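Reviewing the structure listed below.
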Amino acid sequence: MAKSATPAVELAVGEHTVRVSNPDRVYFPELGATKLDLVQYYLSVGDGIVNALRDRPCMLHRFPKGLPGGKVHQKRLPGGAPDWISTVRVYFPRYGRHADELCVQKLADVIWAVQMSTVEFHPWNSRASDTESPDEWRIDLDPMPECPWPRVQRVAGVVHEILDELGAVGWPKTSGGSGLHVYVRIAPEYGFKEVRRAALAFAQEVERRAPEDVTTAWWRRDRDPAQLFVDYNQNARDHTIAAAYSVRGVPAATVSTPVRWTEIDDIHPRDFTIETVPARYAELGDIQAGMDDAVFDIAPLLELADRHGIDEPVDLDES
């Protein structure tokens, strides 16, 4: 006789009840971590993950059979959503289509998405009120395959130095992979092309100050495999990266984790997993909670782009 499935678990999440089916399905075989373990992780960082996703279109990375079963990139909200789940309609010029994406307002939205096999949450850098005007500038420190972690740490220091000179507050986090992300809250007064041009001007300034460590070469084939790529492309329309507190779909179940600048010299991305982050969060809370109070105007970066003759980058929706 076939073994019966583990009974579903019903969880009260705020004002809503979320039914978690197959709670014992193993999502991360190396850790033995189950779907319910993933749910409990997201509950443990509830305010943080909601703050990171709130009001933003969000692409989901779903693993319906756990990591061994492969990943599904889901822009449209999965079917069967309850009526209390919020969405936002976004347009994809390259394909001439619209999609209604998840738009988190509360923790129950996150837990429902996890029930639907979501492991990673990838929000836009704009909000539902105006999806065409980013309010988040993202600095992606993306190490090439042979780039050592100390180089990432060293470049993070350069990034911090330049941000301080600009009067911008940067909020670093591990990527959950091998790099770092730094977010800067910006006034939603520019379009994606302008924000991306500003991001390129900043990236090239980092490269000027650390030429042995950094590349901004557009094509991967032109990059030194031991250097760090400052990926300004992550500010293009519909380009998304894992949110703060998002688990990554890798065997170690690492988490993209906010860190303080003073910590960067002493950490490694592998330090932060679904097993270690809950205790850190219980102690520190959401250390990026003040991001909305530190808004930066990118006008000085656009002026820098003008001074250095930086043209508008290639339109990725048309290339």
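The values are calculated or read from the model by the stated rules, or taken from the named source; none is laboratory data. What you see is a predicted model; the values in this text were computed from it and never measured. Heads up, the Cβs are rebuilt from the backbone with ideal geometry, glycines too, and the neighbour counts pull from every protein chain shown. Protein only, heavy atoms only, side chains kept; ligands, DNA and RNA dropped before computing areas. Shrake-Rupley method; radii C 1.70, N 1.55, O 1.52, S 1.80 Å.
With respect to the conditions (1) assigned to a helix (DSSP H, G or I); (2) surrounded by fewer than 18 Cβ atoms within 10 Å (Cβ to Cβ), VAL169 falls short on a single one, namely (1).
Taking the stretch 93-128 as the range and being within 20 Å of the chain's Cα centre (by Cα), assigned to a loop (DSSP other than H, G, I, E, B) and within 25 Å of ASN235 (Cβ to Cβ) as the test, the residues that pass are VAL104, GLN105, TRP124, ASN125, SER126, ALA128. Scanning the stretch 192-209 for any residue that is closer than 19 Å to GLY309 by Cα and in a strand (DSSP E or B) turns up nothing.
Looking across the stretch 35-45 at every residue that is under 18 Å from HIS61 (Cβ atoms) and not basic (Lys, Arg), the one that is farthest from the chain's Cα centre (by Cα) is identified as ASP37. Scanning the stretch 140-162 for residues that are under 14 Å from GLU207 (Cα atoms), surrounded by fewer than 17 Cβ atoms within 10 Å (Cβ to Cβ) and acidic (Asp, Glu) yields a count of 1.
Conditions (1) surrounded by 15 or more Cβ atoms within 10 Å (Cβ to Cβ); (2) modelled with pLDDT of 95 or more; (3) over 26 Å from LEU166 (Cβ atoms), marked per residue:
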site: ALA242; (1), (2), (3): yes, yes, no
site: VAL247; (1), (2), (3): yes, yes, yes
site: ARG260; (1), (2), (3): no, yes, no
site: PHE272; (1), (2), (3): yes, yes, yes
site: TYR281; (1), (2), (3): yes, yes, yes
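Note on the stretch 218-273: residues that are in a strand (DSSP E or B), among the charged types (D, E, K, R) and over 23 Å from TRP137 (Cβ atoms) amount to 0.
In this structure, is ILE267 under 15 Å from MET59 (Cα atoms) and surrounded by fewer than 24 Cβ atoms within 10 Å (Cβ to Cβ)? No. Taking the conditions exactly as written (open to solvent by 10 Å² or more (accessible area, probe 1.4 Å) and in contact with a strand residue (DSSP E or B) (Cβ under 7 Å, 6 or more places away or on another chain)), does SER129 satisfy them or not? When the stated conditions are applied, SER129 does not pass them.
If the condition is being surrounded by fewer than 17 Cβ atoms within 10 Å (Cβ to Cβ) and among the small types (Gly, Ala, Ser), then the stretch 45-72 contributes GLY69, GLY70.
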